[in-house]
Amino acid sequence: MGVVLYGGAFDPPHLGHVAVADAARERFDVERLAVLVTEHPAHRVVHASAEDRLALAAAAFPGDDVRLDPYPRTVELLRAERPDDPVFVIGADQFRNFLAWSEPAEVLECARLAVATRPGFPRHELDAVVEQLGRPERVLFFEIEPNPAASTGIRERVAAGEPLDGLVPTAVSRLIEERGLYRP
């Protein structure tokens, strides 16, 4: 197995992200993942600086290789860094929109995709994407337990002064508080 990459904005990272990473480590039998915090996401507004999101991700994924990803698009990262036999981990929600990514066919040439699914997710939506791919064998599915955490909801809770218990790792909650992130 080559390197396992798990990228995202992580604005902020939550227990759902951690569950995906844990399941990917187990499924692909790797001790450490490369957790890539996208510096400037191409299709997403971020609410915390890249430096803050990197610190939050380091707190959420202790023991993993957490670093900043300077490329706005996955295909740019894969072309520039050319990792050895990479597996790129994404969630089912992201895979549902995979065909709208920049050069999805090239992404699949450069890496296998590991798609984290959860019980109850409409599998027909994922199958519809797979059917349109030139290299469907490059997509691997693995299941995770459902987790209600979502970055948008977490930011809303912080802004409202509500606790984050059960939504983010304790170290992430502490950093959000210390740095005054996601406050109005």
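Search region 1-57 for residues being hydroxyl-bearing (S, T, Y) and in contact with a strand residue (DSSP E or B) (Cβ under 7 Å, 6 or more places away or on another chain), and hand back the single one that is modelled with the highest pLDDT.
The selected residue is Y6.
Those residues that are over 21 Å from the mean Cα position of the chain (by Cα) and under 11 Å from L99 (Cβ atoms), I need them from region 124-133; list them, please.
A128, E131, Q132, L133
Of all residues being free of Cβ contacts under 8 Å to residues at least 24 places away in the same chain and outside any helix (DSSP H, G or I) in region 32-70, which is surrounded by the fewest Cβ atoms within 10 Å (Cβ to Cβ)? Just the residue, please.
Going through the qualifying residues, I end up with V45.
Which of the helices (runs of 4 or more DSSP H) found entirely inside region 75-157 contain at least 2 residues meeting this: over 20 Å from A9 (Cβ atoms) and β-branched (V, I, T)?
Helices (runs of 4 or more DSSP H) meeting the threshold: 123-130.
From R135, R155, R179, grab the single residue that is in contact (Cβ under 8 Å) with a residue 40 or more places away in the chain, over 25 Å from D22 (Cα atoms) and either among the aromatic types (F, W, Y) or surrounded by 13 or more Cβ atoms within 10 Å (Cβ to Cβ) (or both).
After applying the criteria, what remains is R179.
Look through region 159-176, keep the residues that are among the aliphatic types (A, V, I, L, M) and closer than 23 Å to V20 by Cα, and return whichever of them is surrounded by the fewest Cβ atoms within 10 Å (Cβ to Cβ). Let's see the steps before the verdict.
We begin by selecting, within region 159-176, every residue among the aliphatic types (A, V, I, L, M); these are 159-160, 164, 167-168, 171-172, 175-176.
Okay, now just the ones that are also closer than 23 Å to V20 by Cα, so 164, 167-168, 171-172, 175-176.
Details: L164: 21, L167: 21, V168: 27, A171: 14, V172: 27, L175: 19, I176: 22.
Applying the filter and picking the extreme gives A171.
Any idea how many residues of region 46-58 are under 20 Å from A150 (Cβ atoms) and over 15 Å from the mean Cα position of the chain (by Cα)?
3
Restricted to region 158-176, and to residues that are assigned to a loop (DSSP other than H, G, I, E, B) and in contact (Cβ under 8 Å) with a residue 12 or more places away in the chain, which residue is farthest from A48 (Cα to Cα)?
From region 158-176, those assigned to a loop (DSSP other than H, G, I, E, B) are 160-169; that's our starting set.
So of that shortlist, the ones also in contact (Cβ under 8 Å) with a residue 12 or more places away in the chain come out as 164, 166-169.
Working: L164: 17, G166: 21, L167: 18, V168: 16, P169: 17 Å.
Among residues in region 158-176 that are assigned to a loop (DSSP other than H, G, I, E, B) and in contact (Cβ under 8 Å) with a residue 12 or more places away in the chain, the one farthest from A48 (Cα to Cα) is G166.
Note down all Cβ pairs under 7 Å where the first residue falls in region 91-116 and is within 25 Å of A150 (Cα to Cα) and without any contact (Cβ under 8 Å) to a residue 40 or more places away in the chain, the second is of a type in the set (S, T, Y) and in a helix (DSSP H, G or I), and they're at least six residues apart or on different chains.
From region 91-116, the pairs are W101/T74.
Mind checking which residues of region 1-15 are over 13 Å from H47 (Cα atoms) and in contact (Cβ under 8 Å) with a residue 40 or more places away in the chain? Can you show your working first?
Taking region 1-15 as the starting set, the residues that turn out to be over 13 Å from H47 (Cα atoms) are 1-8, 14-15.
Result: M1, G2, V3, V4, L5, Y6, G7, H14, L15.
The values are calculated or read from the model by the stated rules, or taken from the named source; none is laboratory data. All of these numbers come straight from a predicted model, not from anything done at the bench. Counting neighbours? That spans all protein chains shown, and the Cβs are built from the backbone with ideal geometry, glycine included.
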